[in-house]
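Input: a single structure, listed below in C-alpha cells.
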Amino acid sequence: MCSHYQAEKTRKRLEKMGVFLPPDWELPPGGVHIYPGLKAPFIRKPRERSSGDEAVPAVEVVEGVFGLLPFWAKDEKLARSTYNARTETVAAKPSFRDA
C-alpha cells in the first residue's frame, strides 16, 4: 500500500484557510508529494489554543516527519517502514506494540 499526502503549493490558498507562512517558506525538497520519512510542513492546532487566549492563532505551521516515529528511534528513516501496520504482527513489533 502506498501512503503519501500532497503539500499545498500556493501561499494564497493557505492564507484563505488562516495559515500565514514565514516569508522564507519553501516547498520541501520532494515537491508537493510527501512520503513517509520526509520532513514537511504540517498544519495543526496550537497546544496553547485551548487556554482561551485569543492571541493564540487558530492554526500554526510546523515542520515534522511524516510517518510513525517511535520515541526510541535513533534514525528518522525508520518512519519509511512504520506507516503500514499489519494485524498479524502489530502486537509483536516494537514500533507498534506500545503505541
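In whole Hz and in residue order, list the ³J(HN,Hα) couplings for region 86-91 that follow from phi through the Karplus curve 6.51 cos²θ - 1.76 cosθ + 1.60, θ = phi - 60°; x for Gly and Pro.
Using θ = phi - 60°, the values come out as 10, 4, 5, 10, 4, 6 Hz.
Taking H placed 1.01 Å from N in the peptide plane, check which residues at least 5 places from ALA85 or on another chain put their amide H under 5 Å from its amide H.
none
Check the chain and count each lysine pair with an alpha-carbon distance under 26 angstrom, considering only pairs eight or more places apart or from different chains.
The number of close lysine pairs in the chain is 12.
So how far apart, in nm, are the two label points at ILE43 and VAL56 if each is 7 Å from Cα heading toward Cβ?
Inter-label distance under the simple model: 1.9 nm.
Taking Cα extents along the principal axes in Å straight from the coordinates, which label in [x] 40, 31, 28; [y] 45, 34, 24; [z] 35, 30, 26 is the correct one?
Computed from these coordinates, Cα extents along the principal axes in Å corresponds to label [y].
How much length is gained if the chain between ASN84 and ARG11 is pulled fully straight, taking 0.36 nm per residue apart and subtracting their Cα-Cα distance, in nm to one decimal?
Numbers: separation 73, 0.36 × 73 = 26.28 nm, distance 3.12 nm.
Contour length minus Cα-Cα distance gives 23.2 nm.
How do PHE66, PHE20 rank when sorted from fewest to most other Cβ atoms within 10 Å of their own Cβ? Please list the in-between numbers first.
On the way: PHE66 21, PHE20 13.
Final ranking by Cβ density, sparse to dense: PHE20, PHE66.
Using the Karplus curve 6.51 cos²θ - 1.76 cosθ + 1.60 with θ = phi - 60°, work out ³J(HN,Hα) for each residue of region 46-52 in order, rounded to whole Hz, and write x for Gly and Pro.
Residue by residue, region 46-52 yields x, 4, 6, 4, 6, 6, x Hz.
Would you mind calculating the relative contact order of the chain from Cα pairs under 8 angstrom and at least 6 residues apart, reporting the percent as a whole number? Could you put the intermediate results ahead of the total?
Working: 118 pairs, mean separation 24.0, N = 99.
Answer for the chain is 24 percent.
Per residue of the chain, what 222 nm ellipticity follows from adding -39500 (n - 2.57) for every DSSP H run with n ≥ 4, rounded to the nearest 500?
Taking each H run of at least 4 residues, the total per residue is -2000 deg cm²/dmol.
Throughout, read-outs are computed from the coordinates displayed, never taken from laboratory work. Given the structure is predicted, the values throughout are model-derived calculations rather than measurements. Glycine also receives a Cβ, built like all others from the backbone with ideal geometry; neighbour counts cover every protein chain displayed.
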